[in-house]
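Peer 1: The structure follows.
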């Protein structure tokens, strides 16, 4: 993971308080003298590496300031990680948790530090060979298949969400967020009208859910920790803050939007991505990812364009939210780097996918 200097670790997670709390929680005084370093990209829940003579762990807490509790629910993250332990889905072990007060004056939890690499910015050293990149892409799909095969009830997640009406609620939720963030995002009237039209078209063409499963909510390459030596092995899946019970095709559709290809037409290429690593030779195409997923789950792919279009709509609203918060001074301006044209590009992609499918 990469350090993020814009998050002041000493403010969001004071080493003295964290060390004392960990020493008590883990019954080891070696934690008292610890260092706290911000890791990850820091746009949502905050993640810190805590290091001491007793070892190293990872602490997760909500963003600083006033936030929507449902969007940054530490108890929810902790619950799904604990439930998935022992399944075919690799997740870090949860070691301790607090509902508030000590150690960070907010709900938080501590999990094991999983060794490995998070693909972001540049390709890891072991991924130079196209065959390694192919295995990494296939492993990403295989872990998503494993997640969507988990039966929620036996692992204690039967009440983790409301699968009935999931897609309609998601569409309403993100439309409401758009209404909240649009005025401050700097989005022009024409783009706002196009986004509203996209939401209406998605509502009219709502697909029938084939199956309800545990849904990650933000499944992408850089939310995985890969084995440093074997790109075909995923060691952990991270960032479960948006997980729930719902339609698994929503995860696949969003993954399609995140996935970038060197031969993408402009409407795909212009949409902002977390990274462009998957443009390198060897990574599977979107169609190959989707077909491998369908083979593993038995789900039909014909409605996938709707889910990809919804993924583009959702990301457009997220970008609008970031731009709005930057304009308000709630988050640093660096959060919005490369996003100034993100909303219209993602709206254009969503409308295009509904018309032309994923191949266009």
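Please treat every number below as a calculation from the coordinates, not as lab data. Here the structure is a predicted model, which is why all the values come from computation and not from measurement.
Peer 1: Tilt of helix 15-25 relative to the longest C-alpha principal axis of the chain, in degrees (0 to 90, nearest 10)?
Peer 2: Tilt of helix 15-25: around 80 degrees.
Peer 1: So what is the calculated 222 nm ellipticity per residue for the chain, using -39500 (n - 2.57) for each DSSP H run with n of 4 or more, over all residues, to the nearest 500 deg cm²/dmol?
Peer 2: -13000 deg cm²/dmol
Peer 1: Any chance you could check the Cα centroid distance between the stretch 253-329 and the stretch 121-140 for me, in angstrom?
Peer 2: Taking the Cα centre of the stretch 121-140 as reference, the centre of the stretch 253-329 is 18 Å away.
Peer 1: On to the next question. Compute the Cα gyration tensor for the stretch 9-112, then decide on rounded, prolate or oblate, letting a ≥ b ≥ c be the square roots of its eigenvalues: rounded whenever a/c is under 1.5, prolate when a/b is larger than b/c in the other cases, and oblate in all that remain.
Peer 2: oblate
Peer 1: Where a ≥ b ≥ c are the square roots of the eigenvalues of the C-alpha gyration tensor, would you call the stretch 129-229 rounded, which needs a/c under 1.5, or, failing that, prolate if a/b is larger than b/c, or oblate?
Peer 2: Oblate shape, in that a/c is at least 1.5 and b/c is the bigger or equal ratio.
Peer 1: How high is the relative contact order of the chain, in percent, counting Cα pairs under 8 Å that sit 6 or more residues apart?
Peer 2: RCO, the chain: 17 percent.
Peer 1: Can I ask one more? Over the stretch 172-299, what is the relative contact order in whole percent, taking alpha-carbon pairs under 8 Å and six or more residues apart?
Peer 2: RCO, the stretch 172-299: 19 percent.
Peer 1: Another question, if that's okay. As I understand it, the value is the acute angle between the Cα axis of helix 342-356 and the longest principal axis of the Cα atoms of the chain; what does it come to in degrees, rounded to 10?
Peer 2: Once rounded, one gets 50 degrees.
Peer 1: Let me ask something else about it. Could you please state, rounded to a whole Å, how far the C-alpha centre of the stretch 147-199 is from the C-alpha centre of the stretch 79-103?
Peer 2: Centre-to-centre (Cα) distance: 25 Å.
Peer 1: While we're on this one: For the Cα atoms of the chain, what angle does the longest principal axis make with the long axis of helix 304-327, in degrees from 0 to 90, nearest 10?
Peer 2: So the inclination is approximately 60 degrees.
Peer 1: For Cα Rg over 2.2 N^0.38 Å, the choices are (i) 0.94; (ii) 0.98; (iii) 1.07; which was calculated from the structure?
Peer 2: Computing Cα Rg over 2.2 N^0.38 Å and matching it to (i) 0.94; (ii) 0.98; (iii) 1.07 gives (ii).
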